[in-house]
Every structure is written in C-alpha cells, then in structure tokens.
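Novice: Here it is, the structure in full.
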Amino acid sequence: MVRKHPNGKPTLSRRELLKGAGLVGAMASAGSIRTLASPVTAHPHPPAQVDTVRREALEMLTVAEADTLEAIVARLIPSDVNGPGAVEARAARYIDRALGGALAASRDAYRNGLAAVDGYARTSKGAPFAALSATDRDAVLSDMESNVAVGFVPDAATFFTLVRAHTIQGTFCDPYYGGNADFIGWDLIGYPGVRLAVTANDQRLVPRPAPTRRSAYDYAMFAKRRPARASLEGRGPWRLL
C-alpha cells in the first residue's frame, strides 16, 4: 500500500488502499473515472492541521486520542486534488461512536495503539503524530504497516490493519453510523445509493443512476429494524429500537 513518490519519499495510495479493501472493483463497476493516487505534494491543506472539518463532541475518545486518530485517517484516505477523503467523511467520528458499541472490543486496542503511535512519532520524528508533516506521518504509517515501528502491543502492523479497516468502514458506511458524511464515500466510488428496485439498465449504469443521497434507514421498510447507534444496551452489540 505504501509506494514511492518521484521525489523518493514514501506516500500512501488511495487506489492501493481501496484495492486492498475490495473497493476498486466496485468503483470500476460504478463507472468512476477518478485517479485515486494521492502523493504528498497534492495535499491541499496544511499537513499538520486536522481540524479543517468541525469535530462533533467526542463519545469515547479523549481529545488527544481523537487528534491522533484524525491525523491517521487523514493520511490513509487523504483529501487531495481528486476530492475529499476520510477526514471530511468523518471516519474518525464513526470510530469514536462505534467504540461505544459495535467496536467496543477494540477500545483498549485504540487506547494503547494511539498512545503508541504518538510515542513512536516522538521518538522517530521528534513530535506527536498530529504535529508531523504529511511526509513524516506517511513514514510513521509505513513503519507501522511493515511492522518496523516499536512500542505496540501485540505489534504495530496489527494496529495499522485495525485502523485501516475501520477507516474504510467509516468512509464508506451508511451515513447513519456516523461516517460517510454528505455521502462523500459513496461519491468517491460512484455508488448511487440504496435502490429498492433495480432495472437491467440500472445494473448496466445506462444511463448513470442519479444518487439517491438517502440512508437505508430513511426507508420505512428498514426503519423498524433501525439499530440504536452503536449502543451496548440490550442484546448483543446492537439494540433494536
């Protein structure tokens, strides 16, 4: 997933990230023509700034943890000249909410892992992860992915894989769960949204279907089974309303 920019510095590719998640096929079938590669030089925002998108009140993470997580997701699926990424999609908000419910089993992994990210960033780059440049953030993430980074339990690659998976979930999930804000993720892969009936031409994308911009839970047929947002109450990880 980590590749080399022409200047020789490591950078993360959105195309490789989505391919690893099985989403490039969905993108191609949806007819997307975006180039998802995201070199550091294409990043339009100040690299050490993670609050360009207003953050809602936190539910499970501390402010320091949220700063680190926002900085991580900002590099895993960056906003660039091709469009918005995981920060704008509110992937970190999705993770924060889900750690109180569906992802509750990962709470300790995040508490320890985010602290380890900051610790390794300070040791290797001289500053907390959120304060690093985009290039240095990518270098830390590359070390985590390749399991070179130290201070993680059980290891850096395990935590990298966990956050990567949850970032993808938060970017492309149904907006009800706190991510995919303004349908940014669906637009990124060209997914037009939930359809209750699909014609043959819809399947061929001829003509290209107009986005519905509706959550599945906006439809009455799903509303009765609408899960309480990442709630630990009731039976299992989801409590039915």
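Computed from the coordinates by the stated procedures, all read-outs in this text should not be read as laboratory data. Note that the structure is predicted; figures quoted are calculated from it, not measured. Neighbour counts run over all protein chains shown; Cβ positions are idealised from the backbone, glycine included.
Novice: Report the gain in length on full extension from residue 205 to residue 124: 0.36 nm times residue separation, minus Cα-Cα distance, nm rounded to one decimal. Walk me through the numbers on the way to the answer.
Specialist: Values: separation 81, 0.36 × 81 = 29.16 nm, distance 4.84 nm.
Separation in residues times 0.36 nm, less the Cα-Cα distance, equals 24.3 nm.
Novice: Now for a different question. List residues of the range 142-176, by number, whose backbone nitrogen lies under 11 Å from a label position 7 Å along Cα→C-beta of residue 56.
Specialist: Those under the cut-off are 175-176.
Novice: How do the peptides 159-171, 188-200 rank, highest first, by the average count of neighbouring beta carbon atoms within 10 Å per residue?
Specialist: Details: 159-171: 22.2, 188-200: 14.5.
Per-residue mean Cβ counts within 10 Å order the peptides as 159-171, 188-200.
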